[in-house]
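Below is one structure, written out as structure tokens, with a few remarks after it.
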Amino acid sequence: QVQLVESGGGLVQAGGSLRLSCAASGRTFSSYAMAWFRRAPGKEREFVATISAGGGGTTYADSVKGRFTISRDNSKNTVHLEMNSLKPEDTAVYYCAAGAYRRTVERGYDYWGQGTQVTVSS
């Protein structure tokens with residue numbers, strides 16, 4: 001199993017950037033696909049990005065393509081989400097997740113962090 005802790009959230013103006021980090025405990029991190037999901041107030045949690053266990057494959061939601069980049073460093077048990085050109089609609093709690101396969105649906109992931117708040121002002 002793996003425990004996940006997100007960090008790096010905060011307040012930023014529209015057009016700005018933030019870099020989220022997810023720190024994983026345990027020695028099995030490199031065996032999992034990782035993903036970022038987000039949940040805006042009053043909305044369902046939605047897929048943002050995912051990366052394969054080895055880091056060679058990525059998938060992004062259409063809403064963030066070209067603006068967000070997911071990456072991982074298995075030697076440090078970390079995954080990151082670089083967010084650029086942020087928009088007010090990106091405001092949400094962002095969650096890190098781990099699962100056996102690189103999928104774009106919430107039920108595809110077994111372990112979740114507590115989330116970190118990202119607020120984009122306009």
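The values are calculated or read from the model by the stated rules, or taken from the named source; none is laboratory data. Quick caveat: nothing in here was measured; it's all calculated off a predicted structure. When we count neighbours, we look across all protein chains shown, and the Cβ atoms used for this are built from the backbone with ideal geometry, even at glycine. Quick note on the areas: whole protein, heavy atoms, side chains included, nothing else; ligands and nucleic acids left out. Shrake-Rupley method; radii C 1.70, N 1.55, O 1.52, S 1.80 Å.
Observations, loosely collected:
- Share of carbon and sulfur in the accessible area of segment 47-122 stands at 44%, probe radius 1.4 Å.
- Within straight-line cross-link reach of K43, lysines at Cα separation under 20 Å, skipping those fewer than 8 residues along the same chain: K87
- Dimensionless Rg/Rh of the chain - Kirkwood Rh, Rg from C-alpha atoms: 0.94
- For the chain, accessible area per residue (1.4 Å probe, heavy atoms of protein chains only), Å²: 51
- Computed over every Cα-Cα pair of segment 76-122 and binned at 10 Å starting from 0, the pair-distance distribution P(r) comes out as 21, 46, 29, 4 percent.
- Between T119 and K43, the modelled label-to-label distance comes to 1.7 nm, taking each label 7 Å out from Cα in the direction of the beta carbon.
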